[in-house]
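A quick write-up on the structure given underneath.
A short reminder: the numbers here are calculations on the coordinates, not readings from a lab. No experiment lies behind these values; they were computed from the predicted model shown. As a convention, Cβ positions derive from the backbone with ideal geometry for all residues, glycine included, and neighbour counts pool all protein chains shown.
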Amino acid sequence: MVNDTSDKPGSKTLLPVLNQSIVERALAHYLPATDVVENNPATIPPHLETTLLHALDFLRCAAATSCELGEGLSGAQRSLAFSSMHMAEMARVMVERSLACVEQP
């Protein structure tokens, strides 16, 4: 018995095709470059408020990226992309609430 495991024409891949220009546009919109040190994710800001603002920017970017990816998908893959967008949005709301608590005197 021969077991053919090669990809057949028309088979769907599980990985979405990323359009580099879309990703770069989302990053530029949600995380505008201010200076080199601030854009380094390994640099942890010393203040809680600044850290929460950075987390908020990262979550906005994650939600935007998930939304862009979901637009080109269908079925279960689309649902998965939009559920990750929803999780990022819910986390963003939690960070915004935390930020509001930090900003209160």
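Ordering T50, T65 from the fewest to the most neighbouring beta carbons within 10 Å gives T50, T65. Between M87 and L31, the FRET efficiency from the beta-carbon distance, with R0 = 30 Å, is close to 0.95. A Förster radius of 30 Å, combined with the Cβ-Cβ distance separating T51 from R78, puts the computed FRET efficiency at roughly 0.35.
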